[in-house]
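Down below is the structure, laid out as structure tokens.
The values are calculated or read from the model by the stated rules, or taken from the named source; none is laboratory data. Since we're looking at a predicted model, the values are computed, not measured. No Cβ is skipped: glycine too gets one built from the backbone with ideal geometry, and neighbour counts run over all protein chains shown.
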Amino acid sequence: MSANYKSVFDIIGPVMIGPSSSHTAGAVAIGQAARQVFHEPVLGIEVHYYESFAQTHLGHGTDYAIISGVLGFDPADARVPEAVTIARQQGIQVHFIEETGVSPVGHPNTAIVQLKNAKRQIRLTGCSIGGGTIEVRQVQFDGFNIKPPGSLPLVLARMTPSLATQFVQRLGQFTGINHRHQYTAGTQTLFEYSLNQRLRVTEQRQLQQLVPDLIYL
Amino acid sequence: MYQTIAELVTAATTQQRRLSDVMIAQEMAATNQTYDEVWSTMERQLAVMADAVKRGSEGEGVYSQTGLTGGEAVKLKHYREQHQSLAGDTILAAVQNAIATNEVNAAMGVICATPTAGSSGTLPGVLFMLKERLDLDHNAMVRFLFTAGAFGMIIANNAMIAGATGGCQAEVGSASGMAAAAAVEAAGGTPEQSAEALAMALSNLLGLVCDPIAGLVELPCVKRNAVGAGNALIAADMALAGCTNKIPADEVVGAMKAIGENLPSTLRETGLGGLAATPTGIKMKMKIFGKQMDLDS
């Protein structure tokens, strides 16, 4: 079984704007994950909150935290509390929905973030498990419906099965792989890998050279 | 990666290394970084903590937007200057540091989560007091954080550290255990004594619920960090004196997890139970969110 908290700085950190690591810093991380998956200009953001998130998002600043992540801000960025206003000034439609039911993935701090523009839409289900650390439980885009085990880091690589062999060899030189799964949508294949440890920026670049359509969360 | 506190203590004891060194070695291996990279990141976390402790205790202090919390670290500072306190200045210095940090957090200032933002005052509360009390140098302070982090990782991976999943015992309880264990190392105690200190500190806070007024990380969170810091010092002293918890640290962590899973959701950071559900708590919530809630509906 893989540990969710892999670094001492998951515990002594993050450095962040208050008030809540799971509802603020973790929410920034969920927004950032959605941004990474979409990697296109955003025109609409819809956030669905469940359980503790639904009850306390106003007081914890979860709204501006998630939007900060979507805009690419860091949790300690001074613009974090103004993020909703900044997004709206940029012409982005922003909606927050408090769901009354239980979390569809069984965690009290669950948010589903939908990002869209005129061409595309993605949907990411994140759980904030404490101290700013998150799990990504579901990612839906371009016809794929990916359900990873949750723990980060996570690599989503769109490539042919023949390239995947070479890709896994390279990835294996950098880190252990805890879980892998193959998904198909039409003629396309996508491979999901849950990793044992975070990749360095240079390692991410090497992988990206091999597979340009790569998402690293 | 060390899966249990017993493994961590055994590693430090058999290798005759400090717990902080064991943690640094694990971090280097896990994140593929050099000693200097890992060390300097921790120095940055320490600097953020120092700034928050200072900011909350200066001038008039800091106040949250809601007005529920603020200015009490400064009240404690003046009280310490002008009166002979009942608990003694060591404890009160730790309490002041803890409250200063959490007041900065509630005011949406910059803090370092240790392990969470809601419990961010406990560790610096103890650390910046020990800096004076034990005359700790910069390196010893950085080590304190690695040791605390080593224990925190095991708690987080084996149980939980979020109020929404485990109540306040998972936040301030964990922080207090981490601070107690690190304080023992800073005072020259053994890895075994660090584990005992954690076991005692966490045992003392088992069952603590997460019941924030209006769902805000203010009441009672700020003052629970005062108790987290004081409790850590008491547990560390008991461990250094040779007292033991009898129930091993890993089993205490297991008990914390089981209790957390059994807490009803009203007592896990929903702002629906405990102090949040008192008549005054509900009144405060209506005053803060009444208007905004009407606009949203």
Conditions first: (1) buried (at least 24 other Cβ atoms within 10 Å of the Cβ); (2) in a helix (DSSP H, G or I). B:Pro115 passes all but one, so which condition is the exception? (2)
Out of (1) surrounded by 17 or more Cβ atoms within 10 Å (Cβ to Cβ); (2) modelled with pLDDT of 95 or more, what's the single condition that is false for A:His57? (2)
Just to be sure I understand, how many residues within region A:104-114 are over 23 Å from A:Gly44 (Cβ atoms) and of a type in the set (Gly, Ala, Ser)? 1
Taking region B:1-40 and the residues there that are of a type in the set (S, T, N, Q) and part of a helix (DSSP H, G or I), the one that is surrounded by the most Cβ atoms within 10 Å (Cβ to Cβ) would be B:Ser20
Please verify whether B:Gly67 is part of a loop (DSSP other than H, G, I, E, B), at pLDDT below 95 and more than 13 Å from every other protein chain (Cβ to nearest Cβ), treating the condition exactly as stated. yes
Is one or more of the residues making up region A:36-58 without any contact (Cβ under 8 Å) to a residue 24 or more places away in the chain and more than 11 Å from chain B (Cβ to nearest Cβ)? no
Here is a list of conditions, (1) more than 14 Å from chain B (Cβ to nearest Cβ); (2) closer than 30 Å to A:Gly18 by Cβ; (3) crowded, with 19+ Cβ neighbours inside 10 Å, and A:Gln138 meets all of them except one; can you say which number that is? (3)
The helices (runs of 4 or more DSSP H) lying entirely within region B:207-296 that contain at least 1 residues which are more than 10 Å from chain A (Cβ to nearest Cβ), in contact (Cβ under 8 Å) with a residue 40 or more places away in the chain and under 16 Å from the mean Cα position of the chain (by Cα) are B:221-240, B:249-262
How many residues are within 10 Å of chain A (Cβ to nearest Cβ) and at pLDDT 95 or above if we restrict to region B:21-46? 10
Pairs please, first residue from region A:102-114 and within 18 Å of A:Thr62 (Cα to Cα) and more than 9 Å from chain B (Cβ to nearest Cβ), second anywhere and among the polar types (S, T, N, Q) and outside any strand (DSSP E or B), Cβ atoms under 7 Å, 6+ apart in sequence or on different chains. A:Thr110/A:Ser103
With (1) at pLDDT 95 or above; (2) on the phi > 0 side of the Ramachandran plot as the list, and B:Gly230 as the residue in question, which single condition is left unmet? (2)
Taking only region B:51-64 into account, find how many residues are under 27 Å from B:Asp237 (Cβ atoms) and surrounded by fewer than 22 Cβ atoms within 10 Å (Cβ to Cβ). 2
Of (1) surrounded by 13 or more Cβ atoms within 10 Å (Cβ to Cβ); (2) among the small types (Gly, Ala, Ser); (3) on the phi > 0 side of the Ramachandran plot, B:Gly67 satisfies all except one. Which? (1)
Qualifying positions in region A:21-48 - out of contact with any Gly (no Cβ under 6 Å at 6 or more places or on another chain), of a type outside the set (A, V, I, L, M) and under 22 Å from B:Cys168 (Cα atoms): A:His23
Here are some residues: B:Ala140, B:Ala180, B:Ala159. Which one is touching a residue at least 24 places away in the same chain (Cβ under 8 Å), crowded, with 24+ Cβ neighbours inside 10 Å, closer than 22 Å to B:Trp39 by Cα and of a type in the set (Gly, Ala, Ser)? B:Ala180
Looking at region A:1-14, is at least one residue more than 7 Å from every other protein chain (Cβ to nearest Cβ), modelled with pLDDT under 95 and surrounded by fewer than 24 Cβ atoms within 10 Å (Cβ to Cβ)? yes
Residue among A:Arg170, A:Arg205 that is basic (Lys, Arg) and in contact with a Leu (Cβ under 9 Å, 6 or more places away or on another chain): A:Arg170
Within region A:2-28, the residues that are small (Gly, Ala, Ser) and part of a helix (DSSP H, G or I) are A:Ser21, A:Ser22, A:Ala25, A:Gly26, A:Ala27
Let me spell it out: the conditions are (1) within 30 Å of B:Gly167 (Cα to Cα); (2) crowded, with 18+ Cβ neighbours inside 10 Å, and A:Pro149 meets all of them except one. Which number is the exception? (2)
Check on B:Gln82, on the phi > 0 side of the Ramachandran plot and free of Cβ contacts under 8 Å to residues at least 24 places away in the same chain: no
Please go through region B:151-172 and give me each residue that is facing chain A (nearest Cβ under 7 Å) and more than 11 Å from the chain's Cα centre (by Cα), ordered by number. B:Met153, B:Ala156, B:Asn157, B:Met160, B:Ala162, B:Ala164, B:Thr165
Return only the number of the condition from (1) within 14 Å of another protein chain (Cβ to nearest Cβ); (2) touching a helix residue (DSSP H, G or I) at 6+ places or on another chain (Cβ under 6 Å) that A:Leu195 does not satisfy. (2)
Confirm whether B:Ala214 is buried (at least 21 other Cβ atoms within 10 Å of the Cβ) and under 28 Å from B:Ala93 (Cβ atoms). no
Name the single residue, out of those in region A:60-78 being surrounded by fewer than 24 Cβ atoms within 10 Å (Cβ to Cβ), on the phi < 0 side of the Ramachandran plot and within 15 Å of the chain's Cα centre (by Cα), that is farthest from the other protein chains (Cβ to nearest Cβ). A:Leu71
